[in-house]
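The structure appears right after this line, and notes come after that.
The values are calculated or read from the model by the stated rules, or taken from the named source; none is laboratory data. Keep in mind the model is a prediction, meaning the values are calculated, not measured. When we count neighbours, we look across all protein chains shown, and the Cβ atoms used for this are built from the backbone with ideal geometry, even at glycine.
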Amino acid sequence: MMIKSIFLAFAFLLISTCSNGQQFGTFTDPRDGVTYKTVKIGKQTWMAENLITSKFRNGDPVPEAKKDEEWVVKKAAWCYYDNDSKNGVKYGKLYNWYALMDPRGLAPIGWHMPSSDEWQTLATFLGGIEPAGTKMKSKSGWNENGNGTNESGFSGLPGSLRYDDGQFNDVGRMGYWWSTTPNVMRTLSYTLNLSNSYMGWGQGHANETYGFAVRCIKD
């Protein structure tokens, strides 16, 4: 559920397989040397952490937008929740749609941003709307006993969002992730939503100047 109207050179360094079939690994992004945990769920391989890069594929910087007036400009940007780098360590960075869809590429080579259909494929594999939400949420970190089982290994955290006016809200309660799929009117993009008060998985709509987390999926 949404509030308001929101709505190459990469290698797996380690791969291990659990009894439930998931394969866990790691992947290093050569743009900044950051190593991400990864998980294979069904036939898909996902990053098991939110993206934190501040560079496009060609090395150009993605600007950080701290001030509200910097955020509302319709250009690629990222931020930390509440502009606090400590939140970045826990939740990763929030990106606007312009960064997500920039032709220079925000995802590492060999990876891409998920479409709405790819999110749906993940949810279907995990058993549907309610089972998927529970299995995708982390075992801790969600307010009011809203934790999940993380049976999927997705490790979804409630890193919340930044509104189109630059304000922040919902940390600890909601997690939002972009998809690349626009809605029918092509004015909003579909998003994946997890909540502390609802065990299921949901989709919403967001305009281009909202800020959400990003998860990449392997090509």
Legend entry - Enumeration of residues in region 106-124 that are of a type outside the set (S, T, N, Q) and crowded, with 16+ Cβ neighbours inside 10 Å: LEU106, ALA107, PRO108, TRP111, HIS112, MET113, PRO114, GLU118, TRP119, LEU122, ALA123
Legend entry - Selection status of GLY127, among the small types (Gly, Ala, Ser) and at negative phi: no
Inset, instruction - Quick one: which residue in LYS93, LYS139, LYS135 is modelled with pLDDT of 95 or more, farther than 23 Å from THR181 by Cα and buried (at least 19 other Cβ atoms within 10 Å of the Cβ)? - result: LYS135
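From the list LEU194, LEU122, LEU106, LEU161, which residue is aliphatic (A, V, I, L, M), assigned to a loop (DSSP other than H, G, I, E, B) and either touching a strand residue (DSSP E or B) at 6+ places or on another chain (Cβ under 6 Å) or closer than 26 Å to PHE24 by Cβ (or both)?
LEU106
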Inset, instruction - Would you check if GLN44 is farther than 18 Å from ALA213 by Cα and at pLDDT below 95? - result: no
Inset, instruction - Just one of (1) in a loop (DSSP other than H, G, I, E, B); (2) surrounded by 13 or more Cβ atoms within 10 Å (Cβ to Cβ); (3) in contact with a Phe, Trp or Tyr (Cβ under 9 Å, 6 or more places away or on another chain) trips up LYS74, so point out which. - result: (2)
Inset, instruction - Sort through LEU157, LEU126 and tell me the only one that's among the hydrophobic types (A, V, I, L, M, F, W, C), over 15 Å from ALA48 (Cα atoms) and at pLDDT 95 or above. - result: LEU126
Legend entry - Number of the condition not met by ASN196 [criteria: (1) modelled with pLDDT under 95; (2) closer than 27 Å to GLU69 by Cβ; (3) surrounded by fewer than 21 Cβ atoms within 10 Å (Cβ to Cβ)]: (2)
Inset, instruction - For region 57-71, state whether one or more residues are in a helix (DSSP H, G or I) and of a type outside the set (Asp, Glu). - result: yes
